[in-house]
1. If I take the Cα coordinates of segment 233-332 and project them onto the principal axes, what are the three extents in Å, biggest first?
2. Leaving out ligands and nucleic acids, note down the accessible area per residue over segment 39-135 with a 1.4 angstrom probe, in whole Å².
3. Per residue of segment 336-346, what does 6.51 cos²θ - 1.76 cosθ + 1.60 with θ = phi - 60° give for ³J(HN,Hα)? Whole Hz please, x for Gly and Pro, Karplus curve as stated.
4. Once both axes come from the Cα atoms, what is the angle between helix 173-182 and the longest principal axis of the chain, in degrees from 0 to 90, rounded to 10?
5. Taking a 1.4 Å probe, which of PHE404, PHE154 shows the most accessible area, and what order do the others take after it?
6. How would ASP270, ASP223 line up by accessible area, probe 1.4 Å, largest first?
7. Provide the per-residue ³J(HN,Hα) series for segment 24-36, in order, calculated from phi with Karplus coefficients 6.51, -1.76, 1.60 and θ = phi - 60°, each as a whole number of Hz, with x at glycine and proline positions.
8. Mean-square fluctuation check for the chain, GNM, Cα pairs under 10 Å: which of LEU141, LEU281, LEU45 is largest?
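The values are calculated or read from the model by the stated rules, or taken from the named source; none is laboratory data. It should be emphasised that the depicted structure is a prediction, and the values quoted were computed from it without experimental measurement. A quick note on method: Cβ atoms are made from the backbone with ideal geometry, for glycine too, and the neighbour counts reach across all protein chains shown. What goes into the accessible areas is simple: the full protein's heavy atoms, side chains included, and nothing from ligands, DNA or RNA. Shrake-Rupley method; radii C 1.70, N 1.55, O 1.52, S 1.80 Å.
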Amino acid sequence: MSRSDVYAVAGKIADGLGGEPYYGVVVVEDGAISEVVRAPGEDGLPSALASVREKAAAAGKMVDAVHAGTSAIVPGFVDLHVHGGAGADVMDADPQGLRTMIAHHLRHGTTSLVATTMTASKEDIDRALEAVETFRRSSPLGRAVIGVHLEGPFISHKYPGAQNPAHISPARREWLEEWTARHPGLIRILTLAPETEGAEETIRYAVSNGVVAACGHTDATYDIMKQAIGWGVTHSVHCCNGMRPFHHREPGVVGAILLHPELSTELIMDGHHLHPASSNLVRQVKGDRVCLVTDAMRASGMPDGDSSLGGLEVVVRDGVARLKGDGSLAGSTLTMQAALSGLMTQHGLPLHRALPHATSIPAGIVGANGKGRIAAGFAADLLLFDEEAHAVRNVMLGGEWIDFQNGGTVE
Ligand SMILES: [Zn+2]
């Protein structure tokens, strides 16, 4: 893009809150949305644009304008749970790998992600945190990383999923204290099993230090879940996967998620982790407490074949990643674009109704204020989204269009 003072994006806007789309001009200044000028209809766009130009000229500013054409203007996606992509994984603890992974997800519309670790030795988690911190400070794409999601190692031996059981540990508040002291503000979500020893004090510490406490990979009973909500658990990862299921005499973790509005939850909409009726049930009961995540591993964006996750061998067939050992699903190969498409297709939702689950809702869950909506004061993280093809055509991160021809660098 040319270096103008003001960037104007005109077209049909779906703002991420779920209302009917409308025509208008999104005005971007200094990396943020300064104004959204509504037009009475598509025909009103030229005059809306003219008013933006007039206002800018009066302030002595240049305007660079683009028309979204047949694409919709939508907020960038927010992914709270992503381990890897394009051959790289957060646990590789490699800033260059992080760049590769983030460019891959950015290309598919994710402008905010929470880099997710796995059950591993403390030293390996230390290294992963260090690498994310370094990447955030040193790369122009670092602004797409809103923090770290620690998934494990304080989880259940009964529901490890694709987490490496060799490194499962009782909950250790002192590890979390050390990590939050060393990297202030970096850790945004801690996923643990509330029934594990030491969970209460770890959850209480997390919450009082601004970390969202989430349950996952857990065998907690319904009663333990009720206690955990009292300790401060407010989120749950990949609903129905890796947790004690619903039983009519023991409602389990799934029953607690469905019943308690305090708990938000995640859906992996790849058509394999959940039957469409199950995800639809969860969405209809939980409403705006449901977000889409990818739970993507390094095979996202890669051809089928052998891969790995958290030190375990994985094989990917037809885009489905499974452990070589017991065949457990091993994360997904989703992107947020595909997850949103899955929600629209499997639940029969139009774009504007599916969109909040990929934007404003996850931003709210993790407290990423100023992300996930198209409104004045919000970050200029915008996508031009082709509604026919369910595909992201262009990506703006912090007011800059991303040039994918140059491997995902910011111009
Ligand atoms: Zn998981």
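1. Extents along the principal axes: 40, 26, 25 Å.
2. About 35 Å² of surface per residue is accessible.
3. 5, 4, 5, 5, 5, 4, x, 5, 5, 6, 6
4. Roughly 30 degrees, rounded to the nearest 10.
5. On the way: PHE404 35, PHE154 0 Å².
The most accessible residue leads, giving PHE404, PHE154.
6. Numbers: ASP270 40, ASP223 100 Å².
From most accessible down to least: ASP223, ASP270.
7. x, 10, 8, 9, 10, 9, 6, x, 10, 7, 8, 6, 10
8. Highest fluctuation among the options: LEU281.
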